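A.B. asks: To start, I am sharing the structure in question, which I have written as structure tokens.
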Amino acid sequence: GPTPTDSLRSALGALYALTAAQPLFHALLNPSPQLTQRAVGGGIRAMIPLQAALAARSGHPGVAVVTASLAPVARRFARKVSVT
């Protein structure tokens, strides 16, 4: 059966896809400058769960969890400073 690391890797991969896909989908439906900027910012912020998923894939679940825990911090900072 799947190991905890496999489950972690799958969850982080799904988090990456969700973080990147949602703003991109909105920008595809309405390609306004504001939504395009959000899509770019979402893609940049999605790098954190992507790096966490890659760390889990390489057999470092502790590093993956620590890296993934930075996503909420990045979201909070993105409200104060433009990611793009």
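FYI, it's all coordinate maths here, none of it is from the lab. Bear in mind the structure is a predicted one, so any value in this text is a computation, not a measurement. Reconstructed Cβ throughout: ideal geometry from the backbone, glycine too, with neighbour counts over all protein chains shown.
A.B. asks: In Å, what Rg and Dmax follow from the Cα atoms of the chain?
C.D. replies: Final numbers for Rg and Dmax: 14.1, 46 Å.
A.B. asks: Using r as the Cβ-Cβ distance of THR5 and ARG75, and R0 as 22 Å, what FRET efficiency do you calculate, to the nearest 0.05?
C.D. replies: 0.30
A.B. asks: What does the helix-only formula give at 222 nm for the chain: each DSSP H stretch with n ≥ 4 adding -39500 (n - 2.57), the total divided by the residues, and the result rounded to the nearest 500 deg cm²/dmol?
C.D. replies: Theoretical 222 nm ellipticity from helices: -26000 deg cm²/dmol.
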